[in-house]
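The values are calculated or read from the model by the stated rules, or taken from the named source; none is laboratory data. None of the values given here were measured: they were computed from a predicted structure. Reconstructed Cβ throughout: ideal geometry from the backbone, glycine too, with neighbour counts over all protein chains shown.
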Amino acid sequence: MARAKPAKKNKKAPAAGKRAAKKSKPAVSRNKRKAATEKRMTTSKPTSKKTSTKKRSFAAGKSAAVKTLEKAVKARKPAIAALKKAVVSAAKSVRAYAKGQKKAIKVKEAKTIEEIVARPVSENAEIAAGEATKFNIGVVHNGAAMAAQEIPYEYGKDRVVLLVVDPRFVFTYWEVRSDSLDEARRRLGGDGKLTLRFYDITSTGVPEQSHYWDVEVFDRLGNWYLRLSHPDQLLCLDIGVKNHAGHFHCIGRSNVMRLPPQSLAKPGPIKWMVVSPDGGKLISDIEEYTDADMALLKKILGPYFYDLLMRGRLASIAGSSVEAVFYDVSLLRGELENLGASPGGSPGGSPWSAARA
Amino acid sequence: MTKGYLSFVLHAHLPYVRHPEHEEFLEEQWFFEGMTETYIPLLDMCDGLTRDGIDFRFTMSLTPPLMSMMTDGLLQERYLRHLWKMIDLCNKEMHRTHHDRAFRPVVEMYHHKLNRARWIFEERWGRNLVAGFRHFQQLGKIEVMTCGATHGFLPLLRVSPEAIRAQIRVACDLHERHMGMRPRGIWLPECGYFPGLDEILWENGIRFFIADSHAILHADSRPKYGVYAPLFCPSGTAAFGRDYESSKQVWSAKEGYPGDYRYRDFYRDVGFDLDFDYVRPYIHPDGIRVMTGLKYYRITGPTDHKQPYSPHEGLEAAASHAGNFLFNRQRQSEFLCDVIGKPPIIVAPYDAELFGHWWYEGIDWLNFVMRKTSCDQNDVKLITPWEYLCWHPKNQMAHPSESSWGNKGYAEVWCNGTNDWIYRHLHEAAFRMTELARIYPTPDDNLRRALNQMARELLLAQSSDWAFIMNSGTMVEYAVKRTKEHIWRFTKLYEDIKNFSLDMNFVGELEWKDNIFPDIDYRVYA
């Protein structure tokens, strides 16, 4: 089947995709970067430095060979031997260059399944265009016909709100009134700094008895993105003032949020429920989750989706960007085949095609 | 024997764009294009299938903003004007391409389709397409679901439970007003689900919703049948999970059907290709070139040298892809039925506007799939989620996990550096709305009008489309201005009420401009 998108799309989509990916990554302000937190966002950088160094050296080798050839021609020596030498050298260099390119490419490519599944989706994904195209009428800038309205800068309240962005990423914004801040500082002796205190209340349910960590912030009104070490935890935070002695005066407490899980739930009993069309409900029976159930789920999903699910990668590459899922699956399949494993799936990793074969 | 069920779910939605203060408004074209290319052809397809005795089924959401636009007199009038303009352009094009053998067939196709669209809109359904969808629901052929009142992304609004309740309740009320019955299903905006939301749905009589695959696979109890059977939330509301395989074949820009070279190209449009003076009457009055919907080329391949579109070849491709799709669903059903020991339900949800608007032949493809499924085989049966629940009332119970169908599966599309500034204001407005709703349970007429208008402004500001567009990077200005405008209007009304200085001229003006939800009762926020 033909696979290309319209030419215009081909030209524009990658750039747009990159741009979207770049923009979609929540921004962390300069001030925020300053403050070190124990659960700081970590990003892996591509290993492109090695690649570019290799590329440069091979390119240099190639140009050296060409220079030798030019020298021989210029010197008009009884040239055959020199030319032969130069040609051989050039050929060697080109071979080396090609080899180097191959190596260089290999450096770029992920070598293990772990690397494949750990690769950020933005590198792989070409976002499905469907949803956005309904707003595409061929115009980039619009809204000129509407007047710009001003909205409140602040609301005069002490408030901090926590929102879930994904299983390991939360967003918080806050507002603290000047007089609340002054009052808090006065109580702490005047040298307190505005601080966010995050609580992991998963096990205790009570912030005061939970593990916490602090993030120093600078503005009365602000927001913050926080990368967390693991999903499925219960979080909340306080905004307050902390002094040099470590004393903390709370100004406001946020809502509580549970981060979603990122993988299959732990085995547990399966409950069955009957809901009749008129709305009657009945929990009919409960059965134990067995190995056979696990084997069934594996069969239903097929080896690749099952693998992604078990590695907690299914959700983070899912959503309407189906492209990303299948790109990962195809890479995974290729790797398994290279490793000599039996993939047993169709393009896209569907188990039912394997069954048919 | 039935080996599997196939449930098509189409999500039809556009944000509420209606500007009576302007004679023509650029963004109203979103609605016009959706009407001509998706909604009218869908109804035409249903008519054809019914006429031919095809036993078809699909489920679709008609979101409250879209329903409100479809039933709004001003927009109906403007759409008809737009349609006549396009027919006029088509007539000129018929004359221009009279001797052009390459382009004549495609121009004739548009000429025929536009005239038919006009007839369907004006005469078949009396300018009200919602009546058409209601008709087919009454015939039992389609299941129309509702959505959030203004498509607010609920996981990011949940700090105010009243705001969530209002999004659901107002949507159900509007649905009942136009469809004659409470909705049984809902398309959660952006498939955004969080545990606990199901209880609000159940309170409003909603029995099922559609979720992305990982909502099911990451549920708090391991799903025995994966996404191929629904889960009952503890409240009793059922969650149906998306099937990746069928999604991929239609959604994927690379491997999906819409990328076939024979299909019509979306980007080449006569609004940009033809001489400016020639198309001037058919583009924006300010001289801004826009898409007209007349696109004469096929995808052709990864080249700028596009070939003329052949409607005949496009239709053939759609028929062959429909056969391929059904073949794959048959094999998938056979396999799954064999493995799990009962017919699976394969839920295939798509944006409705994907069909017809983005993938021009998409509705023909859907038409072929319905016909082939009904006539050519017995393995796969078309079904709606509600029918499935009636036939299979026993299902596993679990809480699906928080999720969305946005890129990366959660909330990042609607909460990142481009759009996170809106939440401070949206939340505060929701808190203020609840505050006033509790202070004034029995207001006088003027105050009631003002409070109802505040509720409308809040709902309109909450539309997830604005955050989505800010994130997408194109046409951002409109989304930013719309968000700010609704917040500004809301805030002014709030302050006027607090200061006992209500300006009824201002209220009246807003009622005229933002007239969505005429029956709204602000006490839903109390």
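Mind counting the residues in segment B:156-197 that are basic (Lys, Arg) and buried (at least 24 other Cβ atoms within 10 Å of the Cβ)?
So the answer is 0.
A quick yes/no check of all residues on (1) of a type outside the set (A, V, I, L, M, F, W, C); (2) at the interface with chain A (Cβ under 9 Å from one of its Cβ atoms); (3) out of contact with any His (no Cβ under 6 Å at 6 or more places or on another chain); (4) not in a loop (DSSP other than H, G, I, E, B):
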position	(1), (2), (3), (4)
B:Ala229	no, no, yes, no
B:Ser235	yes, yes, yes, no
B:Ala239	no, no, yes, yes
B:Ser246	yes, no, yes, yes
B:Arg262	yes, yes, yes, no
B:Phe272	no, yes, yes, yes
B:Tyr278	yes, no, yes, yes
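Looking at segment B:485-508, which of its residues are farther than 22 Å from B:Pro64 by Cβ and facing chain A (nearest Cβ under 8 Å)?
If the condition is that a residue be farther than 22 Å from B:Pro64 by Cβ and facing chain A (nearest Cβ under 8 Å), then B:Trp488, B:Thr491 are the ones that fit.
Conditions tested, residue by residue: (1) within 22 Å of B:Ser61 (Cα to Cα); (2) assigned to a helix (DSSP H, G or I).
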| residue | (1), (2) |
| --- | --- |
| B:Pro285 | no, no |
| B:Met291 | no, no |
| B:Thr300 | no, no |
| B:Gly314 | no, yes |
| B:Trp365 | yes, yes |
| B:Met370 | yes, yes |
| B:Asn378 | no, no |
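So, B:Ala450, is that one over 29 Å from the mean Cα position of the chain (by Cα), more than 21 Å from A:Lys157 (Cβ to Cβ) and surrounded by 20 or more Cβ atoms within 10 Å (Cβ to Cβ) or not?
yes
Let's see how each residue does on (1) at pLDDT below 95; (2) touching a strand residue (DSSP E or B) at 6+ places or on another chain (Cβ under 8 Å):
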position: A:Asp214; (1), (2): no, yes
position: A:Phe218; (1), (2): yes, yes
position: A:Asp232; (1), (2): yes, yes
position: A:His244; (1), (2): yes, no
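Of everything in segment B:403-425 that's more than 7 Å from chain A (Cβ to nearest Cβ), in contact (Cβ under 8 Å) with a residue 40 or more places away in the chain and of a type outside the set (S, T, N, Q), which residue is nearest to A:Ser263 (Cα to Cα)?
Selected residue: B:Trp414.
Output the number of residues of segment B:182-210 satisfying the condition of being out of contact with any helix residue (DSSP H, G or I) (no Cβ under 6 Å at 6 or more places or on another chain) and part of a loop (DSSP other than H, G, I, E, B).
Of the residues in that region, 6 qualify.
If you go through segment B:182-224 one residue at a time, how many are within 8 Å of chain A (Cβ to nearest Cβ), closer than 16 Å to B:Gln396 by Cα and charged (D, E, K, R)?
Total satisfying the criteria: 4.
Is there any pair linking a residue in segment B:317-329 that is outside any helix (DSSP H, G or I) to one that is buried (at least 21 other Cβ atoms within 10 Å of the Cβ), with Cβ under 9 Å and at least six apart or on different chains, and which?
Sorted first by the residue in segment B:317-329, then by its partner, the list stays empty.
Select from segment B:432-459 the residues that are touching a His at 6+ places or on another chain (Cβ under 8 Å) and among the aliphatic types (A, V, I, L, M) and list them in ascending order.
Answer for segment B:432-459, where residues must be touching a His at 6+ places or on another chain (Cβ under 8 Å) and among the aliphatic types (A, V, I, L, M): just B:Leu458.
Residue under question is B:Pro258, and the condition is that it be assigned to a helix (DSSP H, G or I), crowded, with 23+ Cβ neighbours inside 10 Å and within 9 Å of chain A (Cβ to nearest Cβ); does it hold?
The answer is yes for B:Pro258.
Within segment A:156-201, restricting attention to residues that are at pLDDT below 95 and part of a loop (DSSP other than H, G, I, E, B), which residue is nearest to the other protein chains (Cβ to nearest Cβ)?
The qualifying residue nearest to the other protein chains (Cβ to nearest Cβ) is A:Pro167.
Given the options B:Leu389, B:Leu493, B:Leu426, B:Leu458, name the one that is hydrophobic (A, V, I, L, M, F, W, C) and either farther than 30 Å from B:Leu10 by Cβ or in contact with an Asp or Glu (Cβ under 9 Å, 6 or more places away or on another chain) (or both).
B:Leu493
Every residue in segment B:102-154 that is among the aromatic types (Phe, Trp, Tyr) and part of a helix (DSSP H, G or I), please.
Selection gives B:Tyr110, B:Trp119, B:Phe121, B:Phe133, B:Phe136.
Identify, please: which residue in segment B:499-520 is without any contact (Cβ under 8 Å) to a residue 60 or more places away in the chain and among the charged types (D, E, K, R) and is, among those, surrounded by the fewest Cβ atoms within 10 Å (Cβ to Cβ)?
Checking each candidate, the answer is B:Asp503.
Taking the residues in segment A:251-264 that are at pLDDT 95 or above and farther than 19 Å from B:Leu154 by Cβ as candidates, determine which candidate is farthest from the other protein chains (Cβ to nearest Cβ).
Here the answer is A:Ile251.
Among what's in segment B:389-431 and is in contact with a His (Cβ under 6 Å, 6 or more places away or on another chain) and closer than 22 Å to B:Glu162 by Cα, pick the residue that is surrounded by the fewest Cβ atoms within 10 Å (Cβ to Cβ).
Only one residue tops the list, namely B:Ser401.
I want to confirm something. Restricting to segment A:298-311 and keeping residues that are surrounded by fewer than 21 Cβ atoms within 10 Å (Cβ to Cβ) and within 20 Å of B:Lys342 (Cβ to Cβ), which single residue is farthest from the other protein chains (Cβ to nearest Cβ)?
Residue satisfying both the conditions and the ranking: A:Lys298.
Please go through segment A:280-297 and give me each residue that is assigned to a loop (DSSP other than H, G, I, E, B) and more than 7 Å from chain B (Cβ to nearest Cβ), ordered by number.
Selection gives A:Gly280, A:Glu288, A:Thr290.
Looking at B:Asp379, B:Asp351, which one is charged (D, E, K, R) and more than 30 Å from B:Gly205 (Cβ to Cβ)?
Going through B:Asp379, B:Asp351 in turn, just one is charged (D, E, K, R) and more than 30 Å from B:Gly205 (Cβ to Cβ): B:Asp379.
Among the listed residues B:Pro20, B:Pro41, B:Pro15, which satisfies the condition of being in the same structural domain as B:Arg127 (by TED's automatic domain parsing) and under 18 Å from B:Arg371 (Cβ atoms)?
B:Pro41
Of the conditions (1) touching a His at 6+ places or on another chain (Cβ under 7 Å); (2) under 14 Å from B:Lys113 (Cα atoms), B:Ile87 clears all except one; give me its number.
The failed condition is (1).
Identify all residues within segment B:1-31 that are within 9 Å of chain A (Cβ to nearest Cβ) and among the aromatic types (Phe, Trp, Tyr); write none if there are none.
B:Phe25, B:Trp30
Only residues that are aromatic (Phe, Trp, Tyr), in a loop (DSSP other than H, G, I, E, B) and either in contact with a Phe, Trp or Tyr (Cβ under 8 Å, 6 or more places away or on another chain) or within 21 Å of B:Asp514 (Cβ to Cβ) (or both): list them for segment B:411-466, please.
Listed by number, the list holds a single entry, B:Tyr440.
Taking into account only those residues within segment A:156-197 that are free of Cβ contacts under 8 Å to residues at least 60 places away in the same chain and crowded, with 22+ Cβ neighbours inside 10 Å, which is nearest to B:Arg432 (Cα to Cα)?
A:Glu175
If you go through segment B:226-233 one residue at a time, do you hit one that is free of Cβ contacts under 8 Å to residues at least 24 places away in the same chain, buried (at least 21 other Cβ atoms within 10 Å of the Cβ) and outside the structural domain of B:Leu460 (by TED's automatic domain parsing)?
Yes.
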